[in-house]
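A short write-up of the structure that comes next.
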Amino acid sequence: MVLISAVRDYVNRMLQDISGMKVLILDSQTVSIVSVVYSQSELLQKEVFLVELVDSISKSRESMSHLKAVCFLRPTSENIQQLRRQIANPRFGEYHLFFSNMLKDTQIHILADSDEQEVVQQVQEFYADFVALDPYHFTLNMPSNYIYMLPAVVDPSTLQRFSDRVVDSIAAVFLALKRRPVIRYQRTSDIAKRIAQEAAKLMYQQESGLFDFRRTEVSPLLLVIDRRDDPVTPLLNQWTYQAMVHELIGIQDNKVDFKSLGNFPKDQEEVVLSSEQDSFFKANMYENFGDIGMNIKRLVDEFQQVSKSNQNIQTIEDMAKFVDNYPEYRKMHGNVSKHVTLVTEMSKIVQERKLMLVSETEQDLACNGGQGAAFEAVTNLLNNESISDEDRLRLVMLYALRYEKDSPVQLMQLFNKLASRSAKYKPGLVQFLLKQAGVDKRTGDLYGSRDLLNIARNMARGLKGVENVYTQHQPLLFQTMESIVKGRLRDVDYPFVGNHFQQGRPQEVIIFIVGGTTYEESRCVAMQNASNTGIRFILCGSAILNTRRFLRDLEEAQRAVRSSSSV
């Protein structure tokens with residue numbers, strides 16, 4: 001709740017103190033930041049009659065002096081130049097400038113010099129430089145997310161821009177929370193170390209005055225880790241509602257696009273899937289797919305009851321009551337059809353791609369030992385004509401991550417079979433994954449086989465049996481959070497930056513995963529927060545991953561490494 005509330009509060013403050021008709025001017029990133037916390041109808045209530053992108057505003061010369069421009073932009077040099085041109089030849093009566101992060105003095109001077117007609121009424125910094133998807137989960141939607149996998153020598157300037165953007169947004173989160181953290185990072189990751197050190201430099205040196213909040217007894221913890229420490233989670237099929245929708249259809253800024261799935265009515269081509277705006281989704285976003293079907297049936301039954309009572313209109317009072325309740329009825333109708341459509345479409349995909357068969361083997365590869373049986377299961381699935389190329393690739397990747405040291409001969413057999421069976425197979429992609437995230441590169445105990453405690457836990461789970469074979473996997477993040485709660489996160493694996501150490505157990509922990517988060521991990525964080533350990537966790541990352549996005553990042557990184565080595 002905390003991050004969504006912070007961003008909503010900033011948007012409220014931007015809009016409510018400026019009376020009259022307004023145009024809201026955003027850039028390609030702040031449009032996502034605003035859209036996930038504020039609906040269009042809420043903007044209308046604040047007298048926002050037009051929403052425009054800053055680069056399209058510059059192309060139009062039509063004067064609208066009756067409108068007041070509220071600009072909410074990232075403080076990039078491109079945006080400052082766009083604004084400079086706007087202010088020099090203003091289209092709107094007034095300009096109220098809000099930036100999502102810290103402005104440089106030089107940028108303020110550029111804007112001041114351009115404002116010859118004195119149309120700028122105010123310039124403020126509102127620290128909402130992140131996309132708050134869920135109460136404890138935010139993202140940055142980084143377009144070139146694959147950059148984190150590259151050695152610094154391949155593309156130093158792009159890597160610096162990537163790092164700067166991450167540090168900016170981490171800074172904004174702590175400014176919004178009015179806290180300055182103690183910072184730790186994953187020792188085996190160069191990019192995690194770089195981001196952690198640059199964030200510490202910004203908060204403790206360059207802008208130390210800005211971060212000098214009233215000291216809480218224990219500073220919050222910022223932990224910067226690398227996606228490659230757990231490459232298994234983004235490769236698995238998902239079976240809980242939110243994670244499954246993203247895996248099979250795709251969610252972008254809490255919206256689901258149905259256009260790729262076939263012909264849908266115009267008003268149903270894109271639907272909103274937000275825990276803030278949809279009570280059914282909020283109650284069911286972490287539920288198993290089997291339970292969702294039953295819960296949707298209950299939702300449909302409730303709707304049919306309401307529909308029946310609405311058909312029984314006999315008096316003028318009945319009619320007035322129906323008209324009063326109609327907006328709520330229509331909203332309920334939209335909600336029911338949205339969830340029925342989602343579950344219907346996902347059921348089709350599960351059947352077409354034989355995902356229950358595939359997922360059972362995936363879960364075995366992720367959670368249980370037994371290399372011989374695993375090899376046989378993967379080989380059988382590679383031979384199965386119904387299995388898609390993407391699912392074949394992920395099965396071989398999961399096998400390779402688990403058994404890269406145990407069975408090199410059988411691994412080569414799987415590589416060859418994959419290449420012969422899958423037309424889309426990119427040669428060397430599995431090997432590239434092992435170079436990036438193989439056992440020698442990882443810090444955490446991904447398969448619970450190094451640490452005596454994890455081995456015991458896995459044995460206990462094996463003896464007790466698993467409630468659901470499709471959701472037995474737990475992300476590595478679960479162990480990391482457990483270690484933090486118990487004060488067992490090892491300094492040698494996750495060193496502190498500088499001489500700022502943790503005094504006692506933190507009450508607030510922000511975990512940033514360089515390379516992106518998954519909805520399975522955000523569910524894990526929500527469950528952890530619900531267990532009332534006295535620590536509140538917030539998860540964030542450079543992008544939201546599903547298998548398709550993770551594979552695309554791998555392919556782009558592989559391409560970049562190859563082209564740099566051929567130069």
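The values are calculated or read from the model by the stated rules, or taken from the named source; none is laboratory data. Everything numeric in this text was worked out from a predicted model, so none of it was measured. Cβ: placed from backbone, ideal geometry, glycine included. Neighbour counts: every protein chain shown. The protein model used for the area step is the full one, side chains on, heavy atoms only, and it has no ligands, DNA or RNA in it. Shrake-Rupley method; radii C 1.70, N 1.55, O 1.52, S 1.80 Å.
Computed values, structure above
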item	result
Separation in nanometres of the label points that stand 7 Å from Cα toward Cβ, at Arg161 and Val439	3.9 nm
DSSP-assigned coil residues among trypsin sites (Lys or Arg not before Pro) in the range 60-162, each with at most 14 further Cβ atoms within 10 Å	Arg61, Lys104
Stokes-Einstein diffusion coefficient of the range 355-436, Kirkwood radius over Cα pairs, 25 °C, 0.890 mPa s, in µm²/s	196 µm²/s
Reachable lysines from Lys104, criterion Cα separation under 19 angstrom, eight or more residues apart if same chain	Lys201
Full-stretch length increase - Val2, Glu52 - with 0.36 nm per residue and alpha-carbon distance subtracted	15.2 nm
Subset of Lys417/Lys441; Lys46/Lys266; Lys297/Lys348; Lys68/Lys255; Lys259/Lys348; Lys282/Lys338 violating a 21 Å alpha-carbon distance limit	Lys417/Lys441; Lys46/Lys266; Lys68/Lys255
Nitroxide proxy distance, nm - points 7 Å out along Cα→Cβ at Thr344 and Arg187	5.5 nm
FRET efficiency, 1/(1 + (r/R0)^6) with R0 25 Å, evaluated for Gln45 and Asp257 via beta carbons	0.40
Accessible carbon and sulfur surface of the range 355-436 relative to its total accessible area, %, 1.4 Å	53 percent
Gain in span if fully extended, Arg490 to Ile108, counting 0.36 nm per residue against the direct Cα distance	133.1 nm
Longest DSSP-loop-exposure-free segment, chymotrypsin sites (Phe, Trp or Tyr not before Pro), the chain, at most 16 other Cβ within 10 Å	214-500
Whole-number percent relative contact order across the range 121-199, with pairs defined as alpha carbons under 8 Å at least 6 apart	29 percent
Whole-number D in µm² s⁻¹ for the range 496-567, Kirkwood Cα-pair radius fed into Stokes-Einstein, 25 °C, 0.890 mPa s	163 µm²/s
Arg85-Glu376 FRET efficiency (beta carbon distance; Förster radius 60 Å; 0.05 resolution)	0.35
Rg to Rh quotient for the range 1-127, alpha carbon positions, Kirkwood Rh	0.94
Trypsin sites (Lys or Arg not before Pro) within the range 490-567, DSSP loop, no more than 16 other Cβ atoms inside 10 Å	Arg490
Karplus-derived 3J(HN,Hα), 6.51/-1.76/1.60, for each residue of the range 477-482, Hz, glycine and proline x	4, 4, 5, 4, 5, 4
Arg61 versus Asn416: modelled label distance in nm, points set 7 Å from Cα along the beta carbon direction	7.0 nm
Per principal axis, descending, Cα span of the chain in whole Å	75, 73, 51
